[in-house]
Amino acid sequence: MGSVTQPIRVIGGGLAGCEAALTLADRGHPVTLYEMKPHKRTPAQVTDRLAELVCSNSFRSNQVTNAVGLIKEEMRILGSHIMQAAAKAQVPAGDALAVDRDVFAAQVEHLIQNHPNITLCSEEVCALPTDDVPTIVATGPLTAEDLAHDIAKQCGKERLAFYDAIAPIIEADSVDMNHAYFKSRWDKGDSADYLNCPMSESEYQCFLTALRSADQAAAKDFENLHYFEGCLPIEVMAERGDQTLCFGPFKPVGLYPPDGGEKPHAVLQLRKEDIHGNAYNLVGCQTRMKQPAQKAVFGTIPALKNARFLRYGAIHRNTYLDAPEVLSDLFQLRTLSTPGQVYFAGQITGVEGYVESTACGLLVALLLHDHLVERDFEPPPEDCAMGGLYRHTRGLLRADPKQKYEPSNVTWAMMPPTKKRKGEGKKERRGRAAERALGSLSAWKSARSDF
C-alpha cells in the first residue's frame, strides 16, 4: 500500500465540497478548492460565503432513532468538519440541529482558509478538467450552466436530469391492510409486486376535492417549470377532469380485489421502494403540494389514513446524475472521453438534503484517498446509515434494477430491518437498529489506518 499524497482539485464550495476538501487535506493531500463566488452566484444563493445554507437553517433531527439523526452521529464518529462547525453555530431548536447561518458559514470558512493543505481559488470552472489531477465535482443541484452542459456532454444528456419529479414514499407498516390488497395488474408477474389501495366512487370524490383545494409549493423564479406529459403532477392531471386520474395512475382495471369483492372506482398502487420491503412509493403521485397537504390529501384514502411519510413528493429544479449508470463504485465518471480522473460528490449524485450531501462528500473523500494510496476501498457496512446511503447511490436498494433512479434523503428503508420483538414499539426497535449501526461503523473505522 502506498503512502504518497497527491494534489487534488475540488469544484464547489458547498457542504459536500468543503467536507471533501477538509477530509482529504487532513490526510496530507494538497487540495485546491474552486468556488465561483464572489464572481458569480447560482439563482438560489444570496451571500458570497462558503457552505451557504440556501434553504432552511436546520440539519433536521438529532435523535439517532431518526435516520438523519443516525447518519449525523455516524459522521461525528468519522470526524466530520461540517458537523463540528454546526455544533459551534447551534441555536435552540428542540431535538433538531439548527444553526446560525452566518456563524456556521464563518466557522467553515475559517477551517478552509486556515488549513495548511487547502488553497481556495475564487474562479468558475466551466468544463470538466482533462488533466491527470484527481477532481471531485460537488457543484450541487443548481450547477452552473456551462459546467452542467459539459457534464451532460460527457455522460449523455439522458443521464443528467435538470428537473426532479418525485412521488411520496411511506413506511410499509403504516398501510392499513384492512383496506389494501396485493395484486399485480391482470395478475401479471408476482402478485406481491404491488400493494393496492382501492377507493369507492365517493371516496375518490373526497380525495379529488381535497387534492384540488390543497396548498401547493410555489415555484422559484429560476425554476421555470415545464411539465413533461409522462410525469405530470397529480394536481395538474386532476384539473383536466374528474376522471382523468382514473384513466391514469389510479386506473382500476385489472386490479379488482382477489376475494371477489366490490370493484373499486379507483386504485392507488404502492410499489416496493427497497429490497427489504420497508417502504412503498405512491405510484404516479409526483406532486407540488406542501408537505402538510400531502399528508392530509393522501390520508383521505382509507388504506393511507395513518400513513407515515419517509419522503414527501416534490417537483423542482435539481441537477443530478443517473449515478448507478454513469459513476463507478468509487464515484468516478465512467463515460469521460478524456484521460481525466473526475469524481462526483454531494447532491449531484442523487442524495437529498444538507446532511446527506455532506455525508456523500465525506464518503467520496475517503474512497478517493484509499484509491490514491492504493488501498482497496471497503464501503461502510450495510446496516449503518452511511452504508445505506452509499448503496442508494449505487442503485443496490431498488426493488427492481430497472426502476428509475431518483434522489432521496436517508431513510430507515436503506438499512436492513431489525427483527421485531414482542411488545416492542417502533422507537425501541429503531433504537436497537441505531446501536447496531454505530457499532458496525465504529468497527469499520477501527479497521482503517487513517483515523
For residues in segment 356-405 being buried (at least 18 other Cβ atoms within 10 Å of the Cβ) and in contact with a strand residue (DSSP E or B) (Cβ under 7 Å, 6 or more places away or on another chain), which is farthest from Ile8 (Cα to Cα)? His392
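Go through segment 55-73 and give me each residue that's on the phi < 0 side of the Ramachandran plot and either basic (Lys, Arg) or touching a Gly at 6+ places or on another chain (Cβ under 9 Å) (or both). Quick ask: steps written out before the conclusion?
Step one: list which residues in segment 55-73 are on the phi < 0 side of the Ramachandran plot, which gives 55-59, 61-73.
If the condition is that a residue be on the phi < 0 side of the Ramachandran plot and either basic (Lys, Arg) or touching a Gly at 6+ places or on another chain (Cβ under 9 Å) (or both), then Phe59, Ser61, Asn62, Gln63, Val64, Thr65, Ala67, Val68, Ile71, Lys72 are the ones that fit.
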Glu158, sole failed condition from (1) modelled with pLDDT of 90 or more; (2) not assigned by TED's automatic domain parsing to the domain that holds Gly277: (1)
Going through (1) within 26 Å of Thr300 (Cα to Cα); (2) within 25 Å of the chain's Cα centre (by Cα); (3) of a type outside the set (Asp, Glu) one by one, Ala98 fails only at (1)
Within segment 246-283, residues being without any contact (Cβ under 8 Å) to a residue 40 or more places away in the chain and either small (Gly, Ala, Ser) or not in a loop (DSSP other than H, G, I, E, B) (or both) number 4
If Thr32 passes every condition in (1) in contact with a strand residue (DSSP E or B) (Cβ under 8 Å, 6 or more places away or on another chain); (2) buried (at least 22 other Cβ atoms within 10 Å of the Cβ); (3) among the β-branched types (Val, Ile, Thr) but one, which one does it miss? (2)
Given the conditions (1) in contact with a Lys or Arg (Cβ under 6 Å, 6 or more places away or on another chain); (2) surrounded by fewer than 17 Cβ atoms within 10 Å (Cβ to Cβ), every one holds for Thr135 apart from (2)
Qualifying residue in segment 259-270 (condition: exposed (fewer than 15 other Cβ atoms within 10 Å of the Cβ), at pLDDT below 85 and either closer than 24 Å to Pro401 by Cα or of a type in the set (D, E, K, R) (or both)): yes
So Ala20 passes all but one of these: (1) in contact (Cβ under 8 Å) with a residue 60 or more places away in the chain; (2) on the phi > 0 side of the Ramachandran plot. Which condition number does it fail? (2)
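The values are calculated or read from the model by the stated rules, or taken from the named source; none is laboratory data. Note that the coordinates shown come from a computational prediction; the quantities given were computed from them, not determined experimentally. Cβ sites come from the backbone with ideal geometry, for glycine too, and all protein chains shown count toward neighbours.
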